[in-house]
Amino acid sequence: MDWNSFISNGNFLPWLIPVGPLLAFLIITLLTNRSKWIPATSEEYGGSHPDYGGMLVPVVTDTSRVVSVVVGLIGILFAWIVSLIVVAHAFAIDHLGENVIASSGTWFDTGVTAFKMGILVDPLTTIMLIMVPLACTCIFIYSVGYMAHDPRQSRFFSLIALFAGAMLTLVVADNLLLLFVGWEVMGLCSYMLIGFWFEKESAYKAAIKAFTTTRVADVIMLLGIAYLYASTGTLSFRDILHNQATLTALAHSPAILFGGLGWSAASLIGIFLVVGTIGKSAQFPLHVWLPDAMEGPTPVSAMIHAAAMVSAGVYMIIRMYPLLSAGGDPGAGILSPPMVLMSVVGAFTALFAATIAVAQNDIKKVLAYSTISQLGFMVSALGIGAYIAAAFHLITHAFFKALLFMASGSVIHGMEHGEHHVHEHHAHAHGHDELAAAHDQHPAMSEAHVEAVEAVTGEEPAAAIGDESGEGHPAEPTAHVEPHAEQPTKVGPVFDPQDMFNMGGLRKTMPVTFYTFLLGGLSLAGFPLITAGFWSKDEILGDAWHGTLLGFGASALVFIFLAVAAFLTAFYTMRQIGLTFWGDARTEEAKHASLGKGIVAVTMTLPLIILAFFAVVAGFVGVSPQFPILGSIFSSGGFSPFEHFVGATLLTEPEAVPFNVFPVLVSFAVSLGGLYAGYLLYWRKPLVAGEVDPMVNMLGPVYPILKNKYYVDELYIRVFVKPSQWFAANVAYQFIDKGIIDGFLSLIARVFTWIGDLLKNLNLWLIDGVGDGVPEAIGKFGGWIRWLQSGEIQQYMLYVAIAALVIGIIFALTTGVLHAAP
Amino acid sequence: MTIFGTIDVLSFLVFAPAIGALIVLLLPQNKWLARWVALAFAAILCGVSVAVFFAYNHAVPDYQFVIQTKWFDLLGSSWHIGIDGISATMILLTGLLTPLAVLVSFEVEDRVNAHMALILFFATGLFGVFVAMDLMVFFLFYELSLVPMYFIIDQWGGPNRKYASTKFFIYSMGGSLGMLLATQLIGFTAHTFDIQQLTTIWPAFNGANGTFLGIPIETVKGLAFAGFFVAFCIKVPVWPFHTWLPDAHSEAPTAGSMLLAGVMLKLGAYGFLRLVIPLFPDVWISQISIFGLSISVAGLFAVLAVLGIVLGAFAAFGQTDIKRLVAYSSVNHMGFVALGLAVAALAYAQSYFKVAGIDPQTAILAMNGAVFQMFNHGLSSAGMFLLAGAVYHKTHTRDMTQYGGFWVKAPIYGGIFIFTSMASLGLPGLNGFVSEFLVVRGAWPVFTVLTLIAMIGLLFTGGYILKGIRAVLHGPFNMHWRDYHLEIDLREFVAIAPLMVLMLVTGLAPNWILSVINASVTRIFGG
């Protein structure tokens, strides 16, 4: 194929979308990620590492840093530009839902047929292609500044490039298997990035938790994929979802398992797939990994929470909606089992997570729970058949949540900056006494410190190591060993730069961050009319209300749960903004918090401004045409552009829900009400240093429950983690393998050893007897020997057999093999 | 096909390693000479294997490069060799891993000539099995492969090597005993050892009026089946015949573990699909009753496979010894091979007796998955053992609790370790995923509940892989290793780089090898 036709043929172009970031990943990993080795005590070494007592550690070189960042940015910009071209193509096509952009090729042979792998751009993909690359680009730019001082910035860029590449692969995939490839690679990236600061226990534990929790869901999802493939012989979206005959057949064949429930094949497959989303999009009961994912650097949080990971989960169920709803008719209030599951889990999660968010003090944790809650909005919306509304909220949420995360990252960065400032000031004033005191307060730390000091002085430990290393392992020359034993970093009292109670008044020193955060927050809270969040949330509520009016129980449930959750959302958002930015600084650190100047500050504010723009205007594409005044402005053709465009993805475009003023009023009420409640508690009279959170008194005994996230983590550790660790070590290995199987074998071995011993003794007696007896009584034995030579062949054979057995056993015993068994 | 003018290429693959071994053994006792000569031999083998793989034309039915000459006329056995797509894949795997194992065993300092000679000699056994089209030839090389591996473990292994090597040897011999008897029985009754002829003669064999030597024919076939079944179950290893494996793998030197896990386990699976499936359709399909539950033999095999997947994963998760962890991962991964084979066995039996049952497409996908998984596990387990050996060689301990934070001092090693672990985990985009997916797809409509249970194993595959990464790379750096060299050596890097490239390429575009497997498998099921 020649290159020009490849470029000019619109059907091939989407193949290039993931290529940029994936190439960037390869180039950075293989070529540009270069380190130099410096002592850990060096000033160059960033603040995110423990103390290594002057050991040589790799730090990314300046050239590598610059080149890697540039390569990463080029990769994502390339993806963005290609995406824009593809989107332009897609918009130019009439009836994109029918005339999709697609191409595919053989991936592997399956008997006489083949499995095809390819790309597909239909309306749903198109809107994802607008959101994902844009959000990713913002995150990349932001990371330039945010990770500027990390000794592993190159690695960071390679991993987020892979992350973005995987997400884009998932978006353009034309079949469920390729989607799953992107899905899992993203899981790996999130694991690697959550545990990016891998020395920290909390970080690697969070990473393992994220990977394991999502894997619980992924293996179930894999079954769903296998089942779907087995039932239809294909995994192509078009072949399955755009084919009424296939869908009907799936909806009418009984499920292979759980026959008693009366589910159809489509339902069981759908439930397996929804479970995949419950894990990936952190829905109850698999939500536990997402809050811990905050351990990663903040751009990663934005990546996971907005642009990629969790969006992928919702994207998948939106994509598979025709299958999930097969057999049901949401317009008539008949929900298929997967839809029931989605509406119940989604609605519950939306409210559940919102209540937890109210009692969190960590600025990122609040956002994490708000993400879980908002994802619940989308999942439950899809559960009651509000296909468009779910997709719409997915897009708007991505913008404002990416914004909020990055803005909170700026806050944290600013706080760390302030901490640094204060710390220097402190050290000047008090000298080393303070540090010594700190030592005493943190025994664990000082222990490590002492160990490190011993290693530095190079006496006893080094000698021990030298003994063991043996030949051929010359210990590395330990250059740069600092004789200076005092290491001032990392020993000071623990200051949490993410605790909102350490903040306050940040609007003064970080104005851009404040205003952008405010816009993002209002959008999250659904501030009426001017924010994107309002329009998408209103649409979900509108759909739910419509169903409620028709008397559908699920819709009513969703409406009530989401309305309450929306109120809480507005409330905790106001609480967060009030605690962080309003009032006066509650700590010295907060007083000096700032982003500084220069490239770091620019790269960390520019993306916020871009996203803030979208967090406001992205909603106007989905205004209901019958909405007073605004409807005629933004949806002049009698339909909202978003609805009309995305609806075409489905075989039959969903009917627009008639406008009803009640849900709009509810949206107004919960949003403004929540904001007002937050205003009363945290804004009108801002908290001063040392003041207790008003929530503590108001909620009373409920507060600790919320604060501890309903103790779900503790429950899981007791019920799942500990027992499986115990089972693995004690039952699967020690009891079954070592005990039963090997025990049985060694029993056999022992029986044979016993027989062997018996024969050996017999033999010793015999040989000794013969040996001693020969000289003195040779003649005496004449007759006996004559008896031996009986001429009977059976008797000879018996002697040979005994001799062979004896020799064999002697051999076995003298080599000690049987005794070696423990 | 011939090379060097007149030499038959498959015979060359079988005998060249043995000759190479002899030459290396007779070389002057110079470490470097022995190493490089062995490496040169292994590289030639690798080149020839690759050439054979690509010269094999999967569009053409039947065995290729077939040679049949007189050998053991009296017994009805002949030197009959040839390959189909499945053997071609296994030959490629053996050819690829042998030079890498030689390269890795450059780390051996003691009696280098003998060590290198044994590794080469081992290749003779493997190639012999994979090209054999005669049951006696098969058995001969199957046993032959045992000897060098026994000595490699016994002489160059870890602290507990005597126990491990003896256990390995006795276990394997225990299996071989029944196999030998079964081989003789089949050869005796069919008057030939030719496998292709046997696949039609033996299943149709009905003795005299349904008895053979006065014993009912079902019993005879059942016993013959058991002989092969146990032997191959031990080799694969299928749960509960697996307990030799953690000991042998963890005590073997790095190259030994690589070859053991990489190719030797495949002998068992290969035996299943070459012999046990085609020879015993009647046994596979027969129902047996355990505790009142009626289950077909193939179903029982699937149960054992799933137990291997689940309990293997759990046992790996319960380890603190890194090589034992990787060893148990083999039990886990080979369980998927066994599961695919169980589906194939049942489907083959059903098609043999023309009873309705498994959709041929399902059987094809399951068997494709099983064979492909054999290849993929060869790559990833060899890679994992190489990396486990690399860290053991540098720290002289296999106890993971003494590691920690090695990623700080060994960033390249860390990256490679994670990459290879992910291939082993079956991350989509890398090789293992495709084969596991195919097996799951194939097994789901046939053994639905078992497949569901197998997912627990797949979940804990993640568990033990992450545990390994966590223990070796993550956490604060253990200052005990402050002055140790931990970064991967250039030699080790050269040895693992081809594996990594293959893992990635095979994961992204599996058809270069899957098309070859698929063509042969499709023919087995009459597609």
In region A:173-186, is there at least one residue being more than 13 Å from A:Trp80 (Cα to Cα), outside any helix (DSSP H, G or I) and within 13 Å of chain B (Cβ to nearest Cβ)? yes
Out of the residues in region B:504-518 that are buried (at least 21 other Cβ atoms within 10 Å of the Cβ) and within 8 Å of chain A (Cβ to nearest Cβ), which is farthest from A:Trp37 (Cα to Cα)? B:Asn518
Long-range neighbours under 7 Å by Cβ, at least six apart or interchain, first residue under 14 Å from A:His287 (Cβ atoms) within region A:207-219, second surrounded by 24 or more Cβ atoms within 10 Å (Cβ to Cβ) and of a type in the set (Ser, Thr, Tyr): A:Ala210/A:Ser190; A:Ala210/A:Tyr191
For A:Ala164, indicate whether it is within 12 Å of chain B (Cβ to nearest Cβ) and under 29 Å from B:Tyr464 (Cα atoms). no
Here is a list: A:Val144, A:Val112, A:Val100. Which entry is buried (at least 22 other Cβ atoms within 10 Å of the Cβ) and farther than 25 Å from A:Ala302 by Cα? A:Val100
From the list A:Val82, A:Val112, A:Val59, A:Val69, which one is of a type in the set (Val, Ile, Thr) and under 30 Å from B:Ala363 (Cβ atoms)? A:Val112
Check on A:Ala390, within 22 Å of A:Phe501 (Cβ to Cβ), buried (at least 24 other Cβ atoms within 10 Å of the Cβ), modelled with pLDDT of 90 or more and not β-branched (Val, Ile, Thr): no
Filtering helices (runs of 4 or more DSSP H) wholly in region A:519-616 for at least 3 residues that are in contact with a Leu (Cβ under 7 Å, 6 or more places away or on another chain) and among the polar types (S, T, N, Q) gives A:553-581
How many of the residues making up region B:480-527 are closer than 20 Å to A:Asp109 by Cβ, free of Cβ contacts under 8 Å to residues at least 60 places away in the same chain and in contact with a Gly (Cβ under 8 Å, 6 or more places away or on another chain)? 0
Within the bounds of region A:354-363, is there any residue that is surrounded by fewer than 24 Cβ atoms within 10 Å (Cβ to Cβ), of a type in the set (D, E, K, R) and in contact (Cβ under 8 Å) with a residue 12 or more places away in the chain? yes
What number of residues within region B:466-503 satisfy the criterion of being over 29 Å from B:Trp36 (Cα atoms), of a type in the set (A, V, I, L, M) and more than 9 Å from chain A (Cβ to nearest Cβ)? 2
In this structure, is A:Phe108 among the aromatic types (Phe, Trp, Tyr) and either within 14 Å of chain B (Cβ to nearest Cβ) or in contact with a strand residue (DSSP E or B) (Cβ under 8 Å, 6 or more places away or on another chain) (or both)? yes
Based on what the data block shows, is A:Trp37 modelled with pLDDT under 85 and away from chain B (no Cβ under 14 Å)? no
Kindly check whether there is at least one residue in region A:276-284 that is modelled with pLDDT under 90 and among the aromatic types (Phe, Trp, Tyr). yes
Selected residue (only one of B:Ala43, B:Ala21 is over 19 Å from B:Ala114 (Cβ atoms) and in contact with a Pro (Cβ under 9 Å, 6 or more places away or on another chain)): B:Ala43
Is it true that B:Thr94 is β-branched (Val, Ile, Thr), in contact with a Leu (Cβ under 7 Å, 6 or more places away or on another chain), surrounded by 24 or more Cβ atoms within 10 Å (Cβ to Cβ) and not in a strand (DSSP E or B)? yes
Which of the residues belonging to region B:294-352 are outside any helix (DSSP H, G or I), of a type outside the set (S, T, N, Q) and within 29 Å of B:Thr199 (Cα to Cα)? B:Ile295
Residues in region B:207-229: is at least one out of contact with any Cys (no Cβ under 6 Å at 6 or more places or on another chain), closer than 30 Å to B:Ile153 by Cα and of a type in the set (A, V, I, L, M)? yes
Counting only residues that are within 14 Å of chain B (Cβ to nearest Cβ), more than 19 Å from A:Met192 (Cα to Cα) and at pLDDT 90 or above, region A:16-34 contains a total of 2
Quick one: how many residues across region A:525-584 are touching a His at 6+ places or on another chain (Cβ under 7 Å) and among the charged types (D, E, K, R)? 1
Counted residues in region B:16-38 being crowded, with 19+ Cβ neighbours inside 10 Å and under 12 Å from B:Pro99 (Cβ atoms) come to 4
Within region B:91-144, tally of residues that are closer than 23 Å to B:His80 by Cβ, in contact with a His (Cβ under 8 Å, 6 or more places away or on another chain) and not aliphatic (A, V, I, L, M): 1
Checking the structure you have, find out if any residue of region B:26-47 is out of contact with any strand residue (DSSP E or B) (no Cβ under 6 Å at 6 or more places or on another chain), among the β-branched types (Val, Ile, Thr) and farther than 30 Å from B:Leu185 by Cβ. yes
Please go through region B:41-64 and give me each residue that is over 14 Å from B:Phe127 (Cα atoms) and aromatic (Phe, Trp, Tyr), ordered by number. B:Phe41, B:Phe54, B:Tyr56, B:Tyr63
If you scan region B:163-215, which residues turn out to be among the aromatic types (Phe, Trp, Tyr), surrounded by fewer than 20 Cβ atoms within 10 Å (Cβ to Cβ) and under 28 Å from B:Phe525 (Cα atoms)? B:Phe205
Matching option when the condition is in contact (Cβ under 8 Å) with a residue 12 or more places away in the chain and charged (D, E, K, R), among A:Lys738, A:Lys707, A:Lys722: A:Lys707
What's the number of the only condition in (1) of a type in the set (Val, Ile, Thr); (2) surrounded by fewer than 23 Cβ atoms within 10 Å (Cβ to Cβ); (3) more than 9 Å from chain A (Cβ to nearest Cβ); (4) within 24 Å of B:Ala344 (Cα to Cα) that B:Val446 fails to meet? (2)
Name every residue in region B:209-261 that is assigned to a helix (DSSP H, G or I), within 14 Å of chain A (Cβ to nearest Cβ) and among the aromatic types (Phe, Trp, Tyr), in order of residue number. B:Trp244
Region B:298-330, residues that are touching a residue at least 60 places away in the same chain (Cβ under 8 Å), away from chain A (no Cβ under 14 Å) and under 30 Å from B:Ile358 (Cα atoms): B:Gly299, B:Phe301, B:Ala302, B:Val303, B:Ala305
Can you find a residue in region A:189-198 that is surrounded by fewer than 21 Cβ atoms within 10 Å (Cβ to Cβ), within 15 Å of the chain's Cα centre (by Cα) and at pLDDT 90 or above? no
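The values are calculated or read from the model by the stated rules, or taken from the named source; none is laboratory data. Please read all numbers here as calculations on a predicted model, not as lab measurements. As a convention, Cβ positions derive from the backbone with ideal geometry for all residues, glycine included, and neighbour counts pool all protein chains shown.
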